[in-house]
Amino acid sequence: MFSREESRKLRQEFWTSFGKSYPRKWILYNTKIKGFSFKFHFDTKKALVTLDIESQDLEDRIHYYQKLESLKSILTNEYLPEAVFEDVYFLDNDKEISRVYVEKTGVSIHNKNSWQETMEFFNEKMMQFEAFYREYEDYIKS
């Protein structure tokens, strides 16, 4: 078991190492759509690369989720076959969002032996997500 401080230091070390190993500018929040962003998540049980729709306006959230859902066969056939679509997803803070994500289980931010495979997973999957987004950005935004 790790203390809160030890866990914080490991998390910081992981993200610093990831940034140095894969030094590129990711899209992340720079989608030009409010409440529509790409994220990395790594905890003690899994790693995720997500596309989150967190708009405060439910109609906007539904609209963008439906756009993504209409592209589901393209995303899963050409980019990320393992993508999971959830129109209702609850974050740890109970906030309701819509999410499309890919997941890697069996890894832990507390286990340095799983860091390299997680970094490779993050790099590969986010590059695929971004390629998909760039290709269909105009349609998603319309």
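The values are calculated or read from the model by the stated rules, or taken from the named source; none is laboratory data. Quick caveat: nothing in here was measured; it's all calculated off a predicted structure. Positions of Cβ are backbone-derived with ideal geometry, glycine not excepted, and every protein chain shown enters the neighbour counts.
Assorted remarks:
- Qualifying residue in region 108-120 (condition: assigned to a helix (DSSP H, G or I), acidic (Asp, Glu), free of Cβ contacts under 8 Å to residues at least 24 places away in the same chain and under 30 Å from SER3 (Cβ atoms)): yes
- For MET127: the one exception among (1) loosely packed, with under 13 Cβ neighbours inside 10 Å; (2) of a type outside the set (D, E, K, R); (3) without any contact (Cβ under 8 Å) to a residue 12 or more places away in the chain; (4) under 22 Å from ASN30 (Cβ atoms): (1)
- Of all residues in region 22-55 being small (Gly, Ala, Ser) and at pLDDT below 95, the one that is farthest from VAL88 (Cα to Cα): GLY35
- Under the condition of being surrounded by fewer than 17 Cβ atoms within 10 Å (Cβ to Cβ), basic (Lys, Arg) and under 19 Å from ASP60 (Cβ atoms), the residues counted in region 78-124 number 1.
- Number of the condition not met by ARG61 [criteria: (1) in contact with a Ser or Thr (Cβ under 9 Å, 6 or more places away or on another chain); (2) touching a residue at least 60 places away in the same chain (Cβ under 8 Å)]: (2)
- When region 94-142 is limited to residues that are of a type in the set (S, T, N, Q) and over 17 Å from the mean Cα position of the chain (by Cα), the one that is farthest from LYS34 (Cα to Cα) turns out to be ASN113.
- Boolean, ILE74 is farther than 19 Å from GLU130 by Cβ and not in a loop (DSSP other than H, G, I, E, B): no
- Residue match in region 3-23 (condition: surrounded by fewer than 17 Cβ atoms within 10 Å (Cβ to Cβ), free of Cβ contacts under 8 Å to residues at least 24 places away in the same chain and under 20 Å from ILE140 (Cα atoms)): no
- Set side by side, the residues GLU103, GLU59 differ, and just one is assigned to a strand (DSSP E or B) and charged (D, E, K, R), which is GLU103.
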